[in-house]
Amino acid sequence: MKNLSQTKNVHKGNISRALYRFTKSPLSLIGLSLVLMMVFIAIFAPFIAPYPEDAKNAVHFKDMFQPPSLKHPFGTDEVGRDVLSRVIFGSRISLMLGVIVLSIAVLIGVPLGLLAGYFGGIVETIIMRLTDIFLSIPSLVLALAVSAALGPNLRNSMIAISFSWWPWYARLAYGETLKIKEEEFVEADESLGVSRIYIALREILPNMTSSLIVKVSLDLGYAILTGASLGFLGLGAQPPTPEWGTLISLGRTHLPGMWWLSTFPGLAIFVTVLGFNLLGDGLRDFFDVEVE
Amino acid sequence: MSLYFTLRRISHMVLVLLGISILIFFLARILPGDPARLTLGPEATKEQVQNLRHQLGLDKPIYIQYYMFLKDLMRGKLGVSLITKRDVSKDLLQRFPATLELVCFAMTLAIIIGIPLGVESALHKDKFIDYFSRIFAFTGVSMPRFWLGIMLQLIFAYVLSLFPLTGRISGMPPRHITGLYILDSILTGNGRAFVDSLSHIILPATTLSLSPLAQITRLIRANMIEQLRKDYTIVSRIGGMPENLNIYKFMLKNAFMSTLTIIGLLFGWMLGNAFLVETVFSWPGIARYGVNSVLRKDFNAVIGVTLLVGFGYITVNFIVDLLYRYLDPRIRLRK
């Protein structure tokens with residue numbers, strides 16, 4: 001027990017130093033601002049978008065295929081909808097997808113990894129072999145197959161991506177558990193006869209949070225990328241939902257003339273994913289953890 | 001390297017493959033829609049559908065269907081594709097070289113550019129090239145693959161007309177030897193086909209290689225920086241060993257080992273993203289075939305593609321594992 005409080009104190013001293021490091025790293029700060037900006041845009045989309053009604057089925061035929069101008073900074077699409085407004089509303093879908101997918105992946109993966117790592121034996125063998133099988137199909141391919149099986153829509157694409165994502169968290173939680181299990185405070189608990197469930201939930205789980213936070217922040221970007229990829233292939237959100245991948249796929253049919261239709265939604269994905277990557281990288285230095 | 005290790009690794013591989021086949025088979029069985037009905041179209045009568053269901057064994061319990069599926073698989077039969085009306089294994093065999101060529105070309109690009117870039121960044125840490133490669137790395141992994149492909153098409157095919165927009169070759173393909181157009185055209189001394197296929201592969205391969213390229217660069221950089229601090233480096237530098245010999249013969253050799261471990265992962269990443277890149281560039285490989293069969297609910301083809309991708313990924317990881325053990329003298333020479 002003494003050990004635990006000691007490590008906590010050391011940790012506290014580290015935090016202020018790490019925070020200093022984080023604020024001194026321009027790339028991490030850029031990442032943080034990009035992420036905050038996208039969250040802000042997503043929350044206040046109806047107030048920011050110049051033509052909020054264009055997010056759905058609005059039709060203005062006299063404005064169709066307008067190139068970018070002051071009135072429509074990102075141009076207009078095949079039925080005259082403002083592309084900027086649609087891209088702004090698209091941020092809601094992508095961010096929501098990222099958050100939901102990772103919540104499911106963490107909720108399935110972490111308990112399984114914890115179980116396998118802490119209890120070992122046959123439980124470990126079954127869970128980790130299952131993880132191996134899932135990980136031996138590239139996640140995009142697995143998500144593709146699952147969302148095809150369930151039928152193409154936004155909800156199913158989220159289920160499909162989570163389905164291919166949880167093994168990474170099972171593996172992370174498993175590895176962390178094996179490491180933490182060897183720590184003295186866990187051994188102390190065990191020798192005192194503290195229940196195994198208590199140790200797993202109150203000692204081991206809290207000690208892997210920093211690795212989890214870093215992994216989640218890095219993965220949010222990739223989950224958004226995967227969601228947009230499924231949308232692009234026609235297996236995610238369906239029109240007229242202004243999902244970024246779907247917008248790019250629809251805009252592609254009007255190349256090269258209407259280049260703005262595909263270019264701007266893609267830039268939005270790029271900026272969002274870049275933000276999460278920079279932030280995740282900064283957090284990795286901040287918490288000083290190794291995450292694959 | 002022991003025979004024991006190799007055998008254990010192979011048995012593990014077979015188990016995982018079996019697991020994949022079960023996973024995918026059951027997954028594909030949840031596919032909404034009746035494969036028999038889809039084959040025959042809406043005009044067919046109920047009896048015709050029933051007959052075909054019986055013929056395909058779709059009326060049997062699911063574990064028997066899986067057993068039959070596994071038996072066919074052992075004989076290399078994957079069932080008939082609903083779209084092409086041919087055996088899926090034939091379709092895959094015909095399209096596989098295109099994907100193999102694309103992925104191998106992209107991987108080669110990523111390695112031959114990524115390694116020197118990583119080495120230079122490490123040698124000039126915190127200088128311009130290091131910042132450039134860092135920004136390049138973040139950009140590379142954050143760009144949506146399909147969007148990058150479209151942008152390259154827009155710039156290099158539509159506007160500048162430097163490269164063809166889609167496809168694998170415009171003229172006659174070279175005489176079939178391996179099915180890899182670039183290799184075949186070299187082997188048959190067919191200069192026209194060589195230039196033709198090379199100009200077609202540049203854009204899709206660039207699209208596919210950017211993210212792995214970025215990751216290899218960062219990894220080589222990190223490892224080279226570590227090697228620069230090692231005692232052996234300092235000693236040989238003080239001793240006046242030629243710098244290039246030192247860098248490329250000793251340090252890079254050590255730095256490359258860690259890169260080798262992620263090359264397997266990167267292959268998996270490329271196989272997955274080939275589904276996007278092949279769609280954008282109408283590349284006639286298994287990934288585009290996979291996307292089409294997924295969209296049209298072609299049950300046998302989906303299973304076939306996923307199995308092939310899984311198998312390819314496992315095989316590459318197996319080879320990388322063996323190679324790693326062979327190249328690392330600490331493991332190779334241990335008796």
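Kindly check whether there is at least one residue in segment B:110-117 that is surrounded by 21 or more Cβ atoms within 10 Å (Cβ to Cβ), within 11 Å of the chain's Cα centre (by Cα) and either modelled with pLDDT under 90 or part of a helix (DSSP H, G or I) (or both).
Within segment B:110-117, none of the residues are surrounded by 21 or more Cβ atoms within 10 Å (Cβ to Cβ), within 11 Å of the chain's Cα centre (by Cα) and either modelled with pLDDT under 90 or part of a helix (DSSP H, G or I) (or both).
Return only the number of the condition from (1) surrounded by 22 or more Cβ atoms within 10 Å (Cβ to Cβ); (2) outside any helix (DSSP H, G or I) that B:Lys297 does not satisfy.
Every condition holds for B:Lys297 apart from (1).
For B:Leu73, are the conditions met, namely being closer than 30 Å to B:Ile22 by Cα and more than 25 Å from the chain's Cα centre (by Cα)?
When the stated conditions are applied, B:Leu73 does not pass them.
If B:Asn254 satisfies all but one of (1) open to solvent by 10 Å² or more (accessible area, probe 1.4 Å); (2) within 30 Å of B:Pro97 (Cα to Cα); (3) part of a helix (DSSP H, G or I), what's the number of the condition it fails?
Only one criterion in (1) open to solvent by 10 Å² or more (accessible area, probe 1.4 Å); (2) within 30 Å of B:Pro97 (Cα to Cα); (3) part of a helix (DSSP H, G or I) is unmet by B:Asn254, namely (2).
Given the conditions (1) open to solvent by less than 20 Å² (accessible area, probe 1.4 Å); (2) touching a residue at least 40 places away in the same chain (Cβ under 8 Å); (3) within 11 Å of chain B (Cβ to nearest Cβ), report the number of the one that A:Lys215 does not fulfil.
(3)
Does segment B:145-179 hold any residues that are within 8 Å of another protein chain (Cβ to nearest Cβ) and without any contact (Cβ under 8 Å) to a residue 60 or more places away in the chain, and which are they?
If the condition is that a residue be within 8 Å of another protein chain (Cβ to nearest Cβ) and without any contact (Cβ under 8 Å) to a residue 60 or more places away in the chain, then B:Trp147, B:Met151, B:Leu154, B:Tyr158, B:Val159 are the ones that fit.
Go through B:Thr84, B:Thr99 for me and flag whichever is polar (S, T, N, Q), open to solvent by less than 70 Å² (accessible area, probe 1.4 Å) and within 14 Å of chain A (Cβ to nearest Cβ).
Numbers: B:Thr84 fails: within 14 Å of chain A (Cβ to nearest Cβ).
Exactly one residue qualifies, and that residue is B:Thr99.
Would you say A:Ile137 is under 27 Å from B:Gly290 (Cα atoms), in a loop (DSSP other than H, G, I, E, B), within 14 Å of chain B (Cβ to nearest Cβ) and open to solvent by less than 50 Å² (accessible area, probe 1.4 Å)?
yes
Taking into account only those residues within segment A:167-183 that are under 20 Å from the mean Cα position of the chain (by Cα) and buried (at least 24 other Cβ atoms within 10 Å of the Cβ), which is farthest from the other protein chains (Cβ to nearest Cβ)?
A:Ala173
Output the number of the condition that B:Val316 fails; it satisfies all remaining conditions of (1) buried (at least 24 other Cβ atoms within 10 Å of the Cβ); (2) in contact with a Gly (Cβ under 8 Å, 6 or more places away or on another chain); (3) not in a loop (DSSP other than H, G, I, E, B).
(1)
Residue by residue, here is whether (1) among the hydroxyl-bearing types (Ser, Thr, Tyr); (2) part of a helix (DSSP H, G or I); (3) crowded, with 16+ Cβ neighbours inside 10 Å holds:
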residue: B:Pro164; (1), (2), (3): no, no, yes
residue: B:Met172; (1), (2), (3): no, no, no
residue: B:Leu210; (1), (2), (3): no, yes, yes
residue: B:Leu219; (1), (2), (3): no, yes, yes
residue: B:Glu226; (1), (2), (3): no, yes, no
residue: B:Tyr232; (1), (2), (3): yes, yes, no
residue: B:Ser236; (1), (2), (3): yes, yes, yes
residue: B:Gly240; (1), (2), (3): no, no, no
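Here are some residues: B:Gln55, B:Gln65. Which one is of a type in the set (S, T, N, Q) and open to solvent by 30 Å² or more (accessible area, probe 1.4 Å)? Walk me through how you get there before you give the answer.
Details: B:Gln65 fails: open to solvent by 30 Å² or more (accessible area, probe 1.4 Å).
The match here is B:Gln55.
Could you grab me the full set of residues in segment A:250-267 that are more than 10 Å from chain B (Cβ to nearest Cβ) and within 23 Å of the chain's Cα centre (by Cα)?
The answer is A:Phe264, and nothing else.
The values are calculated or read from the model by the stated rules, or taken from the named source; none is laboratory data. Here the structure is a predicted model, which means the values were calculated and not measured. Quick reminder, even Gly has a Cβ in these numbers, built from the backbone with ideal geometry, and neighbours come from all protein chains shown. Remember, those area values only see protein heavy atoms, side chains included, never the ligands or the DNA or RNA. Shrake-Rupley method; radii C 1.70, N 1.55, O 1.52, S 1.80 Å.
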